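To start, the structure under review is shown below, and the notes come after it.
The values are calculated or read from the model by the stated rules, or taken from the named source; none is laboratory data. Worth saying up front: this structure is predicted, and the values here are computed from it rather than measured. Backbone-built Cβ (ideal geometry, glycine too); neighbour counts: all protein chains shown.
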Amino acid sequence: MTLHHTQMFRRVNPMSTGDTSKPQGAGNGTSAESPAARWRARANYAERLAGLSQTVLVVDDDPDNRLLLSEILRQQCRVIEASSGAEALEIAFREPRVDLILLDVMMPGMTGYEVLERLRSDVRTADTAVIFVTGQDDENEEEKGLLMGAVDYVFKPIRPAIVRVRLANQLKMIAQRHQMSLLLGRDALTGIANRRSFDEALERIREVSIRSGRAFGLALIDVDFFKQYNDSFGHPAGDLALREIAAVIAQFATAPHQLAARYGGEEFALLLPDATGLAALLDSLRRAVLDLGLKHPTTPWGVVSISAGGIATHAEPDTHADDLLRRADALLYEAKRAGRNRILTRLDSF
Ligand SMILES: [Mg+2]
């Protein structure tokens, strides 16, 4: 069986940039002179020199400001530069490792506020920290930016010591959050995301969908006749089966921001920022679990199977996460009633 849907995305290994001796763009048709190749080469070089693990995107239309900010920050993080809002968005959407964006408010074409709005409307960047850089020492402007979700402000003229400290504070908090989510977000038995992570991710995708109007996919998955499996083979065997099934489900959520989670007991969940092909994907998953060939004494087909209920939908401001879960759960229940080892999906028209 081919997991064709995963091949649409290129998985970027966060560990792969540290030891590579040439820019990532080389060898795949990217010209060494292109801005993308240049910033990758520069970033990789700086990272290798300093062993830095966090990345800051500096966005300013003024080259002198960019240079100054980059020079200030180079000691404490990897720095990428963008000279416009459009370029900043392009880099932020493509580069999976931007931890923080230092964003000039006043830029021709697209203001910093517009850039922040666009960042918040895309699941890839909805959580990326933004610090505004502004010459307007104006409390109302500052409040507006913070209400929009900026984490902090720095004012021009740039005072290097202040910028360094504000950046260091934010980068430290971001690193701690990453650490915490790794510690708190995993299910101990299966190693995939737990219900807490799933609920957070669902909330995030719901908010992004309200802003962007874009559809996403949500599926609830349940192992069929699992109680009988445990009764026949004992709980240790049941745990092993759950681990194997979790590993299969995780293969269907390898692209950025796709999430496979253990929802509880023998129930799992999938979250897909792009709902395209949801039914086909779930049916591939169903067959992949059958293909594990885990012997089951009481299923009609002799092996462990799953049922799933999936929805492809977009969220309105009054759509709650519970509504979405209830809809997927109702479909799962229908799939169970209809005989198990099957999937049911509902695709809203958009
Ligand atoms: Mg400017």
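Output the residues belonging to region 258-283 that are closer than 17 Å to ARG186 by Cβ and within 19 Å of the chain's Cα centre (by Cα). Of everything in region 258-283, those that are closer than 17 Å to ARG186 by Cβ and within 19 Å of the chain's Cα centre (by Cα) turn out to be GLN258, LEU259, ALA260, ALA261, ARG262, TYR263, PHE268, ALA269, LEU270, LEU271. Give the residues of region 300-341 that are crowded, with 18+ Cβ neighbours inside 10 Å, assigned to a loop (DSSP other than H, G, I, E, B) and more than 23 Å from the chain's Cα centre (by Cα), sorted by residue number. VAL304, SER305, ASN341, listed by residue number.
Listed here are the helices (runs of 4 or more DSSP H) enclosed by region 155-240 that have at least 1 residues being farther than 30 Å from SER121 by Cβ: 160-184, 226-233.
Of the residues making up region 243-296, not one is at pLDDT below 95, in contact with a helix residue (DSSP H, G or I) (Cβ under 8 Å, 6 or more places away or on another chain) and among the acidic types (Asp, Glu). Among the residues of region 192-236, those that are surrounded by fewer than 14 Cβ atoms within 10 Å (Cβ to Cβ) and over 23 Å from GLY309 (Cα atoms) comprise ASP231, GLY234, HIS235, PRO236.
Only one of the listed residues (MET106, MET110, MET148) is touching a Leu at 6+ places or on another chain (Cβ under 9 Å) and over 26 Å from LYS172 (Cβ atoms). That residue is MET110. Scanning region 58-109 for residues that are within 16 Å of the ligand (Cβ to nearest atom) and without any contact (Cβ under 8 Å) to a residue 12 or more places away in the chain yields a count of 2. Figure legend. Inter-residue proximity from region 169-195: first residues in contact (Cβ under 8 Å) with a residue 24 or more places away in the chain, second residues acidic (Asp, Glu) and part of a helix (DSSP H, G or I), beta-carbon distance below 7 Å, spacing 6+ or different chains. Indicated pairs: LEU189/ASP239.
Among the residues of region 131-147, are any closer than 15 Å to VAL56 by Cα and either away from the ligand (no atom under 16 Å from the Cβ) or at pLDDT below 85 (or both)? No, there is no match, as no residue in region 131-147 is closer than 15 Å to VAL56 by Cα and either away from the ligand (no atom under 16 Å from the Cβ) or at pLDDT below 85 (or both).
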